[in-house]
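These notes are about the structure you will find just below.
The values are calculated or read from the model by the stated rules, or taken from the named source; none is laboratory data. Because the structure is predicted, anything quoted here is derived from the model rather than measured. As a convention, Cβ positions derive from the backbone with ideal geometry for all residues, glycine included, and neighbour counts pool all protein chains shown. Protein only, heavy atoms only, side chains kept; ligands, DNA and RNA dropped before computing areas. Shrake-Rupley method; radii C 1.70, N 1.55, O 1.52, S 1.80 Å.
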Amino acid sequence: MATHNHSKLKLQLQMERSLQLANWSVDQDFILLGLSATKEVRDGLFAIFLTVYLLVLLENMLVIYLICSHRELLHKPMYFFLGNLSCLEMCYVSVTMPTLFLGLRSSPYHVPFSFCMAQLFFFISLIGTKCTLLASMAYDRYVAICRPLHYSLIMRPQVCWGLALSSWVGGLLVSVIKTTCIASLSYCGPHVLNHFFCDISPLLNLSCTHVALTELIDFISAIVIFCGSLLIALASYLAISRVLIQMPSAAASHKALSTCVSHLLVMGLFYSVVLFMYSRPSHVKSTDLNKMLSVIYTVATPMCSPIIYCLRNREVHEVLKRTPCLC
């Protein structure tokens with residue numbers, strides 16, 4: 001009887017302690033260290049990143065405007081997906097830049113738990129959507145080059161809308177699951193994140209509760225979303241390369257390849273940085289290097305994407321010439 005009461009009391013104390021830790025986690029703030037630099041360097045970086053941020057917004061708004069205002073672009077699947085990608089890039093960069101700016105003005109700085117979880121939610125959602133959108137764009141190029149006679153049937157508007165909608169909804173669903181798991185963890189100090197935004201790995205490192213289940217969910221979602229979309233893209237381009245090799249005319253092969261170069265560059269830049277960042281052995285990981293790589297795939301790629309897609313695109317150049325306010 002005494003043993004039973006002791007076990008019951010022990011269980012009750014554990015439940016009360018878990019509840020207290022959970023309540024404390026919700027009420028607490030995190031301290032983001034931001035980019036480590038002197039005040040003079042931070043002031044210079046603030047001006048640079050503000051310019052880059054405004055440039056990202058301007059570039060992607062221009063792409064969306066051109067696509068939406070010209071029916072010949074809007075009704076082509078490649079530009080339909082590009083419009084979705086531009087919209088995503090504006091949201092994507094707007095999620096991480098606010099805390100980056102705060103860190104450059106006053107580092108370190110406090111971030112409420114609710115704000116940190118909201119930032120994490122939108123970041124996970126948008127990066128998952130970006131992966132699936134890039135895979136959809138690769139599939140579009142596969143159909144255009146490998147099945148040209150059936151392109152209009154396979155990539156009809158209903159299919160394009162379905163692929164785009166599934167990308168956005170899939171990113172949201174994955175983010176709900178992962179953010180819920182991370183938000184349910186207890187963070188009992190220290191509450192210092194050596195980063196410029198609330199990312200998954202730094203948060204898991206701060207948790208004082210068992211994170212095996214959360215890490216498993218994170219791993220499975222990464223396999224499904226990240227590796228799944230990468231495999232689809234690679235399979236699409238492998239099939240495209242076989243068709244290009246078999247083309248009798250070098251001019252036709254070059255013309256077909258030119259429609260894929262922009263997407264290959266954007267996809268290669270994004271996936272190479274993310275793969276390098278998350279696949280390195282733990283003993284060679286550096287927080288400063290992680291922050292630099294995070295800057296590349298959260299700031300640099302949204303800035304480069306519109307330039308890469310539109311720089312050598314003849315259709316976009318023709319549309320720009322016919323747009324009076326941009327001439």
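How big is the chain by Rg and Dmax over its Cα atoms, in Å?
23.3, 89
Quickly estimate the mean residue ellipticity at 222 nm for the chain, helices only: each DSSP H run with n ≥ 4 gives -39500 (n - 2.57), and the total goes over all residues, rounded to 500.
That comes out to -25500 deg cm²/dmol.
How far apart, in nm, are the 7 Å Cα→Cβ label points at Ser184 and Leu257?
Once both label points are built, they end up 5.1 nm from each other.
Express the accessible area of the chain per residue in Å², computed with a 1.4 Å probe while the remaining protein chains stay in the model.
For the chain, the solvent-accessible area averages 53 Å² per residue.
If a helix is a whole DSSP H run, which ones in the chain reach 30 Å or further along their own axis (Cα) and hold a mean Kyte-Doolittle hydropathy of at least -0.5?
Helices meeting the span and hydropathy rule in the chain are 39-69, 77-105, 113-146, 157-183, 250-279.
With all protein chains present, how much of the accessible area of the chain (probe radius 1.4 Å) comes from carbon and sulfur, to the nearest whole percent?
Answer for the chain is 70 percent, counting heavy atoms of protein chains only.
Obtain the radius of gyration and the Kirkwood radius of region 70-216 from its C-alpha atoms and give Rg over Rh.
Rg divided by Rh gives 1.10.
How large are Rg and Dmax for region 198-239 when only the alpha carbon atoms are used, in Å?
Computed over the Cα atoms of region 198-239, radius of gyration and Dmax are 14.5, 48 Å.
Calculate the spin-label point distance for Ile217 paired with Ser249, positioning each point 7 Å from the Cα along the beta-carbon direction, and give it in nanometres.
5.5
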